[in-house]
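The values are calculated or read from the model by the stated rules, or taken from the named source; none is laboratory data. The structure presented is a predicted model; accordingly, all values stated were derived computationally and were not measured. Methodologically, a virtual Cβ is constructed for each residue, glycine included, from the backbone with ideal geometry; neighbour enumeration extends over all protein chains shown. Each accessible area value is taken on the protein alone, full model and side chains, heavy atoms only, with ligands, DNA and RNA left out. Shrake-Rupley method; radii C 1.70, N 1.55, O 1.52, S 1.80 Å.
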Amino acid sequence: MTYRISQRDLAKIAGVSPMTISLALRDHPSISASRREHIRKLAKKHGYQPDPALAALNAYRINNRAKRYQGTLAWLTSFPSADGWRRMIHAEGYFNGACKRAAELGYQVEPFWVNGPGLTPKRAAQVLLARGVQGLIVAPLPDKQNVLAFDLKPFSAVALGYSLRQPQLHVVMNHQARNMKHTVHQLHALGYRRIGLALPSASNARVDQNYLSGYLIAQRETASDRLEPLLADVFDASAFMKWFRETEPDAVIVSGSWTTQVTAWLKKAGLEVPKHLGLATASIPDAPTNISGMDESPALIGRMAVDAVVGMIHRQERGIPDHPSSLLAEGKWSAGKTARKVIAKSPRHRIREAK
């Protein structure tokens, strides 16, 4: 049987305590950079590998004892303003879920604005390291920003969603393609047959085209009429109503943040939801709502992100992963009041009724 060198063995070789070895291998800032590097080289030289059984036992002990402060996780944002991220749909839900789960594990989550005054990518990393931060949760980025200039080498990091294109990190998010598929299937089960999709093009791009792909697949699976989706660079009343008159849907799937505006546009045209057509979203807003659609449980996503990054810290996984992975949560259908069981009628008939 091959002998597995332990942290205690490394401690004897290095002439330090086992605790110093443990902290150094976790890249803890309480150990000097030169000593951390020396111990990492020793570990590599002597073939040290963490014992997975011991790591599992340690995780069990951590989860079943009174929590003490373990460290701080940074909530990285890069909007033009420090609080700009809070205006995004679900952002507060993600953050609150992350904070609650972090507290359960002995951590705290603090927002960190990488565009702060005087911060270069190098300086931002230095500030976080000086604060003892080991883990990062990269919050969704602005619509037109997909590159994060930041030194990620010293940190365990995950990204929320697909708005971050470079560098590629492990992703935690809801399963947007499947949620869109479920939305179409639910509307079809209610009796709708001409189910349309209308989104700002940026909303679909932010989720790596997952909404569109889920919609197109569901059209085939349900044998619904194949309407041309609207993905508008400028999503306004003119673009929406032009598409609506051309495609004549009996139900429309829209972005959660646009349900109020779309309802108003339809009402101005003499169409009431759900009397004349159904309205649904693959991602209902956090606040109490009567909108029919998929509840993506934003707080759960935040909790999952914390679990993922804390696990990486324990496993000493830092920097940009060689093989990024995605951890996706399923949504749940919320019946709401904007879609209902219908008796099949042609869209033209419904429009005539409205008039």
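Annotations for the structure displayed:
- Taking 0.36 nm per residue of separation and subtracting the current Cα-Cα distance, fully stretching the chain between residue 332 and residue 120 would add 72.2 nm.
- Efficiency of FRET between residue 264 and residue 81 - r from beta-carbon atoms, R0 41 angstrom, step 0.05: 0.90
- Per atom type, region 246-306 shows carbon and sulfur on 54% of its accessible surface, probed at 1.4 Å.
- Close amide-amide hydrogen proximity is noted between residue 76 and 112, 137, 138, 139, each under 5 Å apart and 5 or more residues distant or on a separate chain (H modeled in the peptide plane; Pro and chain starts excluded).
- Amide H contacts of residue 278 (H built 1.01 Å from N, under 5 Å, at least 5 apart or other chain): 251, 252
- Heavy atoms of residue 13: accessible area, 1.4 Å probe, square angstrom to 10: 80
- Note: relative contact order over the chain, using C-alpha pairs below 8 Å and six or more positions apart, is 20 percent.
- Largest-first ordering by accessible area, 1.4 Å probe, given options 151, 83: 83, 151
- If R0 is 41 Å, the Cβ-Cβ spacing of residue 151 and residue 241 corresponds to a FRET efficiency of close to 0.30.
- Inter-label distance, nm, simple model (7 Å from Cα along the C-beta direction), residue 40/residue 317: 1.7
- Of interest is the spacing of the C-alpha centroids, which for region 307-342 and region 230-293 amounts to 27 Å.
- Helix-only [θ]222 nm of the chain, DSSP H runs n ≥ 4, -39500 (n - 2.57) each, per residue, nearest 500: -12500 deg cm²/dmol
- From phi via Karplus (6.51, -1.76, 1.60), per-residue ³J(HN,Hα) for region 179-195 in Hz, x at Gly/Pro: 5, 5, 4, 4, 4, 4, 4, 5, 5, 5, 5, 7, x, 6, 10, 10, 9
- Rough spin-label spacing in nm, given labels placed 7 Å along Cα→Cβ, for residue 325 and residue 185: 2.5
- Sites residue 290 and residue 129 - FRET efficiency at Förster radius 51 Å, r taken between beta-carbons, to 0.05: 0.60
- With protein chains left intact and a 1.4 Å probe, residues in the chain average 51 Å² of accessible area per residue.
- Ligands, DNA and RNA aside, residue 193 has an accessible area near 100 Å² when probed at 1.4 Å.
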